Amino acid sequence: MRLISGIQPSGNITLGNYLGAIKNFVKLQDREDITDFLVFVADMHAITVPQDKQALRQNIKSLVATYLACGLNPEKVHIFIQSEVPAHAQLGWILQCNGYIGELERMTQFKDKKEKQVAGVSVGLLTYPSLMAGDILLYDSDAVPVGQDQKQHLELTRTLAERFNNKYGDTFVVPEPFIAEAGAKVMSLTEPTKKMSKSDPNPKAYIALLDDINIVKKKIRSAVTDSDGKIAYDTVNKPGISNLLTILSCVTNTSIKDLVEKYKDSNYQQFKDDVANAVALELEPIQKRYNELINSPKLDEVLNEGRDYANYLANKKIAKVYNKVGLGRKTK
Ligand code: AQP
């Protein structure tokens, strides 16, 4: 089974990205039924909203070091930068020509992000899911490990693959989403009905994996909760406490049910202290490894291997797609 997934270098990688995606990748890389695993830095997706050039370059490099620091093993996973494999853009365009504006306009993420754009909404923000479909279909991926927020885009990928296969003959594997139950959706610390996002303008809303440990603890201790005083899992009436339970459950590998039982007589302050300490324990070794890696030649070594492998697979596929569509001259 082949898997692919990516993260945008659109800011500081958050605890949401880690628990919803990266931690899951690290577990999956050891599964025997996974024969091929590709993880990329989605830099072309990042420019669907304005990015500062220097910050983007830094975020790309930082994301690669983060992948490795969190435990991705380059012996088991091919890590590459999306823009270094031109076939992503090529297939993304072909899929745009086979998608409908209406189906793209219905995407929740587009609707949310469009509201936040003060300097105009780019066409890329609308067509982002076609590029994402290209990222996946290019590699005949059987499954895509993502957080809950990406499920809708994955469904569109399946629609586009099926539409293309019906029109041009069997070409793409129709992929399955692969959503880890725990950590599938980590919410904002300041508005717990909204998901935690790295592009949130309020840094108190998210925990960045590289935040100073004292700041991490402080953010958790001041997370918005409620005045009911009871530790219970109820995402509708107690979204703040439920979010902290999710986080604690993921970092301690303990079920929410067991945590609710453990904290039934605790107050919010004791509970928050424990969440803060548990998250700190998880992040400290990651930060240590990150600092060792960020300026090491290892990053380029890993990226060169990943780029070459991804181009090898992607170029074979795009040639096949061009032939099916009738683009250019026929190749063998
Ligand atoms: N809050 C979250 N909880 C669980 N999983 C999450 N993911 C993102 N936020 C959460 C998962 O992280 C992966 C990478 O996401 P992305 O960077 O490609 O795009 P995104 O989903 O739009 O992530 P952000 O942090 O919200 O970025 P911005 O602010 O730039 O839009 C995906 O697997 C996603 O599910």
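Worth a mention:
- For the range 125-158, a residue qualifies if it is at pLDDT 95 or above, open to solvent by 10 Å² or more (accessible area, probe 1.4 Å) and either touching a strand residue (DSSP E or B) at 6+ places or on another chain (Cβ under 6 Å) or over 14 Å from R106 (Cα atoms) (or both), and the qualifying residues are L131, M132, D140, R158.
- Of all the residues in the range 135-150, those that are on the phi < 0 side of the Ramachandran plot and more than 14 Å from the ligand (Cβ to nearest atom) number 4.
- Pairs meeting the criteria (first residue in the range 303-327 and among the acidic types (D, E), second residue open to solvent by less than 70 Å² (accessible area, probe 1.4 Å), beta carbons under 8 Å, at least 6 apart or on different chains) are E305/P74; E305/H78.
- Scanning the range 167-197 for residues that are hydroxyl-bearing (S, T, Y), near the ligand (Cβ under 10 Å from one of its atoms) and open to solvent by 20 Å² or more (accessible area, probe 1.4 Å) yields a total of 1.
- Filter pass, I60 being in contact with a helix residue (DSSP H, G or I) (Cβ under 8 Å, 6 or more places away or on another chain), free of Cβ contacts under 8 Å to residues at least 60 places away in the same chain and within 22 Å of S197 (Cβ to Cβ): yes
- Given (1) in contact (Cβ under 8 Å) with a residue 60 or more places away in the chain; (2) within 16 Å of the ligand (Cβ to nearest atom), index of the condition F164 fails: (2)
- Verdict on A55 being out of contact with any Leu (no Cβ under 6 Å at 6 or more places or on another chain) and closer than 18 Å to N295 by Cα: yes
- Residue check, L248 touching a Leu at 6+ places or on another chain (Cβ under 8 Å) and outside the structural domain of A133 (by TED's automatic domain parsing): yes
- Check on I94, β-branched (V, I, T), open to solvent by 20 Å² or more (accessible area, probe 1.4 Å), closer than 25 Å to R163 by Cβ and out of contact with any His (no Cβ under 8 Å at 6 or more places or on another chain): no
- Checking each residue in the range 27-50 for being modelled with pLDDT of 95 or more, open to solvent by 20 Å² or more (accessible area, probe 1.4 Å) and part of a helix (DSSP H, G or I) picks out only M44.
- Some residue of the range 216-223 being open to solvent by 30 Å² or more (accessible area, probe 1.4 Å) and in contact with an Asp or Glu (Cβ under 8 Å, 6 or more places away or on another chain): yes
- Apart from one condition, S10 fits all of (1) open to solvent by less than 20 Å² (accessible area, probe 1.4 Å); (2) under 27 Å from A280 (Cβ atoms); (3) out of contact with any strand residue (DSSP E or B) (no Cβ under 6 Å at 6 or more places or on another chain); (4) within 12 Å of the ligand (Cβ to nearest atom); the exception is (1).
- Within the range 172-198, the residues that satisfy the criterion of being closer than 30 Å to K317 by Cα, in contact with an Asp or Glu (Cβ under 9 Å, 6 or more places away or on another chain) and not aromatic (F, W, Y) are V173, V174, P175, E176, P177.
- Number of positions in the range 73-115 that are out of contact with any helix residue (DSSP H, G or I) (no Cβ under 9 Å at 6 or more places or on another chain) and either within 15 Å of the ligand (Cβ to nearest atom) or more than 30 Å from D30 (Cβ to Cβ) (or both): 4
- Top-ranked residue in the range 92-121 [being assigned to a loop (DSSP other than H, G, I, E, B) and at pLDDT below 90; ranked as nearest to L154 (Cα to Cα)]: Q117
- In the range 188-211, the residues that are β-branched (V, I, T) reach residues that are in a loop (DSSP other than H, G, I, E, B) and away from the ligand (no atom under 11 Å from the Cβ) with C-beta atoms within less than 7 angstrom, at least six apart or across chains, in these pairs: T190/N202; T190/V224.
The values are calculated or read from the model by the stated rules, or taken from the named source; none is laboratory data. Note that the structure is a prediction, hence the values are computed from the model and not measured. We place every Cβ from the backbone using ideal geometry, glycine too, and count neighbours over all the protein chains shown. These area figures cover heavy atoms from the full protein model, side chains too; ligands, DNA and RNA do not enter into them. Shrake-Rupley method; radii C 1.70, N 1.55, O 1.52, S 1.80 Å.
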